[in-house]
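The values are calculated or read from the model by the stated rules, or taken from the named source; none is laboratory data. These numbers come from a predicted model, not from an experiment. Virtual Cβ from ideal backbone geometry, glycine too; neighbours counted across all protein chains shown. Keep in mind that these areas ignore ligands, DNA and RNA; they rest on the heavy atoms of the full protein, side chains included. Shrake-Rupley method; radii C 1.70, N 1.55, O 1.52, S 1.80 Å.
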Amino acid sequence: MEKSERIKLYEWVRKNESNKGKEYPKTLDCTQCDYVAITQKLRKEMRYAGYEIVENNRDQKYIKVFIKS
């Protein structure tokens, strides 16, 4: 995953902070390192956002990000 994609994700989360239940329009294809970086930032800085693992392969994870209700 490119850094620009993560930045777009974080901007979307901040922009939609008050839209409870809204989901990020696409499923993210992440490596293990991307997954750790994204989930740590969401847990520490954007507590109003949640994530769910859709598919977990050996080195790839597919996650959905949403605004918690």
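What to note about this one:
- Residue count for segment 27-55, restricted to those that are surrounded by 11 or more Cβ atoms within 10 Å (Cβ to Cβ) and either among the hydroxyl-bearing types (Ser, Thr, Tyr) or without any contact (Cβ under 8 Å) to a residue 12 or more places away in the chain (or both): 10
- Segment 1-26 - residue that is farther than 26 Å from residue 58 by Cβ and among the hydrophobic types (A, V, I, L, M, F, W, C) and, of those, most open to solvent (accessible area, probe 1.4 Å): 7
- Complete set of residues in segment 31-52 that are under 10 Å from the mean Cα position of the chain (by Cα) and part of a strand (DSSP E or B): 49, 50, 51, 52
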